[in-house]
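I have placed the structure first, in the form of structure tokens, so that the comments after it can refer back to it.
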């Protein structure tokens, strides 16, 4: 079983087993660690957006909106303003969102709001882009505007799309933003992301456009100093990536039509960069830099001094 260690000086501070699957054209290319199942969490957002756009009749929205619709964004002004623009385009308003309120993940943005005497809204929720398209789809179809329940027509269509792409039946639970999330074998999740990679390679499908938008606008899919953004910017060829809560990370490699799904068993997102580095160095060496010094692998103290790092080890 491969593990990821956080090391501070010469001391091992934490240890995290992990698994990953690479899949292409319906076949497993490589597997790391033990087969596991996991909740898909936010790494399912491209699929959820795909269904919302289908219900909406594929409106001619700009590519940045698609990136935000698949995002776990940081609540920076560019994110909240764009989410508000999406709602306005569909004749909706922030009050129609049902994702819940939390402070922006981008601390300077949260502090600026508080200093100005403002307050946080559903637009600051990292899922507000996805929810903007969900409520727009519900309104367009004449369905109840509370789109969250498992048996809502929109969620039933999303579940069926998950089954079609993953070729597996998910176990449903409730995500952090209130809509259903899907527990699946890691290989099934990788299968869906291989479909995203193939669609990006073809370039002429709804799912392909979503993946290409994520590849082109990672600052909208994630945010300042976020892992998704760092991975896309480090790669030498286009790719789409998406973090999911609980130590999940998914990648679509369109040039080789490979989908990757990674799971840190402990759920510690801080360990993800090591696994990402390991799998991409093996599966995609032509486009993933081999040199050391990638900042997410470092551990620094509060004044920026390098005091440790993250590393992979087989046990």
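The values are calculated or read from the model by the stated rules, or taken from the named source; none is laboratory data. As the structure is a computational prediction, the values presented were derived from the model and not from experiment. Positions of Cβ are backbone-derived with ideal geometry, glycine not excepted, and every protein chain shown enters the neighbour counts.
Considering 245, 240, 252, 271, the condition of being farther than 23 Å from residue 64 by Cβ and within 13 Å of the chain's Cα centre (by Cα) is satisfied by 245 alone. Cβ-Cβ contacts under 7 Å between residues 6 or more apart (or on different chains), taken from a first residue in region 78-97 that is within 19 Å of residue 143 (Cβ to Cβ) to a second residue that is part of a loop (DSSP other than H, G, I, E, B), are listed as 87/93; 96/145.
In region 136-149, is there at least one residue being at pLDDT 95 or above, within 21 Å of residue 261 (Cβ to Cβ) and surrounded by 23 or more Cβ atoms within 10 Å (Cβ to Cβ)? If you could, list the steps in order and put the result at the bottom.
Start the filter on region 136-149 by keeping residues that are at pLDDT 95 or above, which leaves 136-149.
Then drop every residue that is not within 21 Å of residue 261 (Cβ to Cβ), which leaves none.
Scanning region 136-149, I find no residue that is at pLDDT 95 or above, within 21 Å of residue 261 (Cβ to Cβ) and surrounded by 23 or more Cβ atoms within 10 Å (Cβ to Cβ), so the answer is no.
Tell me, please, whether a residue that is out of contact with any helix residue (DSSP H, G or I) (no Cβ under 7 Å at 6 or more places or on another chain), in a helix (DSSP H, G or I), under 26 Å from residue 40 (Cα atoms) and modelled with pLDDT of 90 or more can be found in region 282-299. Yes, some residue in region 282-299 is out of contact with any helix residue (DSSP H, G or I) (no Cβ under 7 Å at 6 or more places or on another chain), in a helix (DSSP H, G or I), under 26 Å from residue 40 (Cα atoms) and modelled with pLDDT of 90 or more. Residues that are free of Cβ contacts under 8 Å to residues at least 60 places away in the same chain and surrounded by 19 or more Cβ atoms within 10 Å (Cβ to Cβ) were ranked within region 98-109; the one that is nearest to residue 148 (Cα to Cα) is 104.
Residue-by-condition table, conditions (1) within 19 Å of residue 97 (Cα to Cα); (2) assigned to a loop (DSSP other than H, G, I, E, B); (3) free of Cβ contacts under 8 Å to residues at least 40 places away in the same chain:
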position: 146; (1), (2), (3): yes, yes, no
position: 149; (1), (2), (3): yes, yes, yes
position: 163; (1), (2), (3): no, no, yes
position: 168; (1), (2), (3): no, yes, yes
position: 184; (1), (2), (3): no, no, no
position: 201; (1), (2), (3): no, no, no
position: 207; (1), (2), (3): no, no, no
position: 229; (1), (2), (3): no, no, yes
position: 232; (1), (2), (3): no, no, yes
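For residue 72, the requirement of being part of a loop (DSSP other than H, G, I, E, B), buried (at least 19 other Cβ atoms within 10 Å of the Cβ) and either touching a strand residue (DSSP E or B) at 6+ places or on another chain (Cβ under 7 Å) or at pLDDT below 95 (or both) is met.
What about residue 84, is it touching a helix residue (DSSP H, G or I) at 6+ places or on another chain (Cβ under 7 Å) and either part of a loop (DSSP other than H, G, I, E, B) or closer than 23 Å to residue 224 by Cα (or both)? Yes.
Condition first: touching a helix residue (DSSP H, G or I) at 6+ places or on another chain (Cβ under 9 Å), under 24 Å from residue 205 (Cα atoms) and assigned to a loop (DSSP other than H, G, I, E, B). Now tell me which residues in region 236-254 satisfy that. 238, 239, 254 - these are the residues of region 236-254 that are touching a helix residue (DSSP H, G or I) at 6+ places or on another chain (Cβ under 9 Å), under 24 Å from residue 205 (Cα atoms) and assigned to a loop (DSSP other than H, G, I, E, B).
Look at residue 258 and say whether it is under 25 Å from residue 38 (Cα atoms) and touching a helix residue (DSSP H, G or I) at 6+ places or on another chain (Cβ under 7 Å).
Details: under 25 Å from residue 38 (Cα atoms): yes; touching a helix residue (DSSP H, G or I) at 6+ places or on another chain (Cβ under 7 Å): yes.
For residue 258, the condition - under 25 Å from residue 38 (Cα atoms) and touching a helix residue (DSSP H, G or I) at 6+ places or on another chain (Cβ under 7 Å) - is met.
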